[in-house]
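Here is the structure we will look at.
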């Protein structure tokens, strides 16, 4: 995906080493990434919402001259957080998302589009709630109920740790909470365990 206009990215709340892969990905698409003050021309803000000094709020998404979009990166992937971001026109990415996928979201935002993860789209389309769990989600949920770590769940289910984390994101979205114990209680009740 290539940008339809020339723009830059202003990164807020990241350390440089966290941005190296994304910088390379964006460079390949003709987009520059800056960690200082906003660039002179049109730009997209990429915010680390987990940074203690920066608390993301809807007011941060308000219109700013030259800013053509906002992407919020967070490890807290609750439906309420995502809904709040979407209501204010901000895209949301999880901190574990690959650089190529983050670059796709950034470029889409510069084109006036809003990309959202499939789990979010599904939750929005089906109504928020833990009613439909996929077989892999049930496996992970049962293994977590045995107080296993992500690594132990991955090994037992023959999944990568990254895949287990993505399933956990989906489970948190379906439960509508970022608290693991609450998510497990709600989803176990939904599947009758």
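The numbers here are math on the coordinates, done by the rules we state, and not lab data. In this text, all values refer to a predicted model and were calculated from it rather than measured experimentally. Backbone-built Cβ (ideal geometry, glycine too); neighbour counts: all protein chains shown.
Grab the Cα-Cα distance for residue 113 and residue 163, subtract it from 0.36 nm times how many residues apart they are, and report the gain in nm with one decimal.
On the way: separation 50, 0.36 × 50 = 18.00 nm, distance 2.66 nm.
Once the chain is fully extended between residue 113 and residue 163, it gains 15.3 nm.
Neighbour counts of C-beta atoms inside 10 Å place 118, 106 in the sequence 118, 106, starting with the fewest. Size of segment 135-190 from its Cα atoms: along the principal axes, largest to smallest, the extents are 26, 19, 19 Å. Summarising the label geometry, the points placed 7 Å from Cα in the beta-carbon direction at residue 50 and residue 29 lie 2.1 nm from one another.
So, R0 is 30 Å and r is the distance between the beta-carbons of residue 83 and residue 20; what FRET efficiency does that work out to, to 0.05?
On the way: r = 32 Å, r/R0 = 1.05.
Taking R0 as 30 Å, the efficiency between residue 83 and residue 20 is 0.40.
Measuring nothing but how far apart in sequence close Cα pairs (under 8 Å, 6+ apart) lie, relative to its length, segment 135-193 scores a relative contact order of 28 percent. Computed from the C-beta positions of residue 149 and residue 121 and an R0 of 25 Å, the FRET efficiency is 0.30 to the nearest 0.05.
Cut-off is 10 Å between beta-carbons; in what order do 160, 32 appear when sorted fewest neighbours first? Write down the numbers at each step before the final one.
Values: 160 10, 32 15.
Ascending number of Cβ neighbours within 10 Å: 160, 32.
Spacing of the modelled spin labels on residue 98 and residue 134, each 7 Å from Cα toward Cβ, amounts to 1.5 nm. Of the residues 80, 170, the one with the fewest other Cβ atoms within 10 Å heads the list, and the complete ranking is 80, 170.
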